[in-house]
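One structure below.
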């Protein structure tokens, strides 16, 4: 499987953070936010979600990366959107704490056409039907792979107060943040206050 790649930044830092992007983005999504993690060795996961069906294959690949890059245990995992599904399935002995922004496993898409329009404005060459097919596949994957009885002991979820596309079910250890599905700076500000 070659659906998961990674880049490592700040290799000499003592603490390690793993960042997992969401659907329709890349690891480059995190670039504007790297200043929030300047004291961490960063493992930026690059996920090819195009063949997404069985999350366990992705989790296995990322777990191998974690063991290779962090001597087995991360200090934190930070994930966004569909990346939160992967984070939620990582073995608990691989990290100390997980912060999951816009958790898709607790979300319902309420404005598909508007969401598709925003995605199409950012991605050249993707059709509306193709975008909708990817969204439906992602939803099927979430339903297939997320257990409702998952514990939330080692994680906090961050829910935007102004998401035009999704509505979220409240979860244990949830916090709200000022922003939308794509603008997550306020959530990262809250996270930085917790980790520093």
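The values are calculated or read from the model by the stated rules, or taken from the named source; none is laboratory data. Quick caveat: nothing in here was measured; it's all calculated off a predicted structure. Positions of Cβ are generated from backbone atoms using ideal geometry, with glycine treated the same way; all protein chains shown enter the neighbour counts.
Here are the numbers:
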{"item": "Tally, over the range 93-107, of residues that are free of Cβ contacts under 8 Å to residues at least 60 places away in the same chain, farther than 13 Å from residue 17 by Cβ and in contact with a strand residue (DSSP E or B) (Cβ under 7 Å, 6 or more places away or on another chain)", "result": "1"}
{"item": "Residue match in the range 69-89 (condition: surrounded by fewer than 19 Cβ atoms within 10 Å (Cβ to Cβ), modelled with pLDDT of 90 or more and part of a loop (DSSP other than H, G, I, E, B))", "result": "no"}
{"item": "Sole residue being without any contact (Cβ under 8 Å) to a residue 12 or more places away in the chain and surrounded by fewer than 19 Cβ atoms within 10 Å (Cβ to Cβ), chosen from 64, 15, 11, 7", "result": "64"}
{"item": "Criterion (surrounded by fewer than 20 Cβ atoms within 10 Å (Cβ to Cβ) and farther than 26 Å from residue 62 by Cα) met by exactly one of 164, 135", "result": "164"}
{"item": "Which listed residue is surrounded by fewer than 16 Cβ atoms within 10 Å (Cβ to Cβ), over 25 Å from residue 74 (Cβ atoms), over 16 Å from the mean Cα position of the chain (by Cα) and at pLDDT 90 or above, from 178, 189", "result": "178"}
{"item": "Test set (1) part of a helix (DSSP H, G or I); (2) touching a helix residue (DSSP H, G or I) at 6+ places or on another chain (Cβ under 8 Å); (3) in contact (Cβ under 8 Å) with a residue 24 or more places away in the chain - residue 120 fails condition number", "result": "(3)"}
{"item": "Subset of the range 2-24 [touching a helix residue (DSSP H, G or I) at 6+ places or on another chain (Cβ under 7 Å) and under 13 Å from residue 49 (Cβ atoms)]", "result": "3, 4, 20, 21, 22, 23, 24"}
{"item": "Hits in the range 25-57 - residues which are surrounded by fewer than 22 Cβ atoms within 10 Å (Cβ to Cβ) and in a loop (DSSP other than H, G, I, E, B)", "result": "25, 26, 38, 39, 48, 53, 54"}
{"item": "Those residues of the range 1-24 which are touching a strand residue (DSSP E or B) at 6+ places or on another chain (Cβ under 7 Å) and in a loop (DSSP other than H, G, I, E, B), in sequence order", "result": "3, 10, 11, 13, 21, 22"}
